[in-house]
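The values are calculated or read from the model by the stated rules, or taken from the named source; none is laboratory data. What you are looking at is a predicted structure, and each value in this text was computed from that prediction instead of being measured. Every residue, glycine among them, receives a Cβ derived from its backbone with ideal geometry; neighbour counts consider all protein chains shown. The protein model used for the area step is the full one, side chains on, heavy atoms only, and it has no ligands, DNA or RNA in it. Shrake-Rupley method; radii C 1.70, N 1.55, O 1.52, S 1.80 Å.
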Amino acid sequence: MNASSLIAKKERSALLQNQRGLAWLLAYAGILSAFALLLISNQELSLLDNAQVVYMMAGTVTAAGALIAVIMGSDAYAGERERGTLVPLLTAPISTNELLMGKAIGLAGAWGIMYLLALPYLWAVGAGGQNLGQAIFYLGLFGTPVVLGFGYLAMALSARSGSVMSSLLTSLIVLLFSASPLLLGPGLRNSAVGRALDAINPFSGALNTYDAVIIDSDPFMSQLGRLVLVLLWLGIMFGVARLSARRPAIR
Amino acid sequence: MKQLKYLLAGCLLLSATLVSAASLQLQLQPDPANPAHPTMGDWMHFDSVITNSGQQPIEGLVAWISLVEVTPGKEQPMDLEDWSAHKAVTGTTLQPGATLNTQWPMRLIQNGDYRVVISTTDRNNKTVFTSPTLQFHVTQKPVVESTRILPVALGIPLLIGGLFGVQKFRHQHKVS
């Protein structure tokens, strides 16, 4: 097993075998559970169309996944630095590129766990309704680049910033701004500024795709533009993380 | 003579009330586009026509919609909070012969038998005029089911919490 795989395995298993990782996972499940319970405790929400509920749950999974990815990404380098393990890692016979690949694959594995954890929630709110299968497929296809992109952005900031706190705060601000369409809804974004932001915001791209395929049953081909947007986001953020991780700040 | 005065005053008051009572006419119809068999979550619309059939303009007209549940054993007035955001028309002036057409949208939140009615009054009259009532039945709809959600929403955090507890126990055991 090469060095990248070893680091990836360690990072991924940290989510399930480490108290800190389990606490993050518990927070993630708590967000999804709170949303699901809100649906049955509020009479008006409980009357929402199944497809609408599945769309909202897919958006919530993406936002909560991105949040955990940002926390993990912020911890990737700055956390190692604060725990005093970054220098030993950098002096080990492993290139900075391999280290980054290990952390990046580990983050992807952690998102895989979160994605699997989201499936029972999607089933619980959407079984018996329309397009549950599409929701699961498109959450994987569009949610993965969006979530990992935010994780890699946080990783890039973590490699350069002095502390977990500063990289986490910066990443959270970007995430909150990007995820604002989740709160605003399509009606309020129907202006020139809203449409322009939608065109470049990967989070909006994923949300609009969920809306189109889950609620309106649009075909895959009509989502190609948005797929390019989220893949570009992933590619650019990985590139930025790679550049930052070449010379991580040691102190 | 005094009795005659009281009788005359009484007749005048009665005639004023009758004139006033006859000055507004209300009609209420279900919208033709309403679902034939309304189900929970559906929208229904009710169309009202308020006509000033009197000789005087009516100022400060207020019209409002009321909903009453008449399901056997559950008879009660309903709070329209979740059902409708359009609960009243206020401050309108109606000239003699003029009409006010209003559409009242309503989202059906609960199953059961219901009656809807429109009432109006105005600034100067103390009388409240009501339309004929319309009755409809709302059938139950399977909504987001708590039987599916509860085990997932409570079970998964409990499972992770259990894993967390086991990890903590192991860690403490290792340290000691």
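When A:T85, B:T90 are compared by accessible area of protein heavy atoms, the largest-first order is B:T90, A:T85, using a 1.4 Å probe. With each label modelled as a point 7 angstrom along the Cα→C-beta vector, the B:H137-B:T99 pair spans 3.2 nm. The overall shape of region B:73-166 is prolate: from the C-alpha gyration tensor, with semi-axes ordered a ≥ b ≥ c, the ratio a/c is 1.5 or greater and a/b exceeds b/c.
Computed with a 1.4 Å probe over protein heavy atoms only, the accessible area of B:E75 comes to about 120 Å². Estimated from the Cβ-Cβ distance and a Förster radius of 35 angstrom, the FRET efficiency linking A:S191 and A:I236 is about 0.85. Averaging Cα coordinates gives a centre for region B:43-106 and one for region B:140-172; these two points are 47 Å apart. Other protein chain C-beta atoms within 10 Å of residue C-beta, averaged over B:153-165: 6.
Solvent-accessible area per residue in chain A equals 43 Å², computed with a 1.4 angstrom probe and all protein chains kept. Annotation: for a label point projected 7 angstrom from Cα along Cα→Cβ of A:A34, residues of region A:65-90 with backbone N closer than 14 Å are A:65, A:67-68.
Among the residues of A:119-126, the average count of other protein chain beta-carbon atoms within 10 Å of the residue beta-carbon is 4. Couplings 3J(HN,Hα) for region A:217-224, derived from phi with the Karplus relation 6.51 cos²θ - 1.76 cosθ + 1.60 (θ = phi - 60°), are 6, 5, x, 4, 4, 6, 9, 4 Hz, where x marks Gly and Pro.
Of B:I156, A:I40, A:I250, the order by accessible heavy-atom surface (1.4 Å probe, DNA, RNA and ligands excluded), from most exposed downward, is A:I250, A:I40, B:I156.
Put simply, the amide H of B:F46, placed in the peptide plane, has neighbours under 5 Å in B:D31, B:W104, leaving out anything fewer than 5 places away on its chain. Can you pull the percent of region A:82-223's accessible area that's carbon plus sulfur, 1.4 Å probe, other chains left in place? The value for region A:82-223 is 72 percent carbon and sulfur by accessible area. By DSSP, the beta bridges lying fully in the protein assembly as shown are antiparallel in about 95 percent of cases. Among the lysines of the protein assembly as shown, pairs that are 8 or more positions apart or on different chains and have alpha carbons within less than 30 Å of each other number 14.
Overall dimensions of the protein assembly as shown, expressed as equivalent-ellipsoid semi-axes from the Cα gyration tensor (√(5λ), whole Å, largest first), are 63, 23, 20. When chains A and B come together, the accessible area they lose, probed at 1.4 Å and totalled over both chains, is close to 2400 Å². Geometric descriptor of region A:111-251, per residue, is 123 Å³ (volume of the convex hull of the Cα atoms). For the segment B:104-110, counting C-beta atoms of other chains within 10 Å of every residue's C-beta and taking the mean gives 1. For chain A, taking the reciprocal of the average inverse distance between every pair of different Cα atoms yields a Kirkwood hydrodynamic radius of 18.6 Å. Compared with the alpha-carbon gap, the fully stretched path from A:A249 to A:Q52 is longer by 66.4 nm at 0.36 nm per residue.
Over chain A, dividing the summed -39,500 (n - 2.57) contributions of all DSSP H runs of at least 4 residues by the number of residues returns a 222 nm mean residue ellipticity of -26500 deg cm²/dmol.
The HN-Hα couplings worked out from phi for region B:116-131 by the Karplus form 6.51 cos²θ - 1.76 cosθ + 1.60 (θ = phi - 60°) are 10, 8, 10, 10, 9, 8, 9, 4, 9, 9, 8, 6, 10, 9, 10, 7 Hz, whole numbers, x standing for Gly and Pro.
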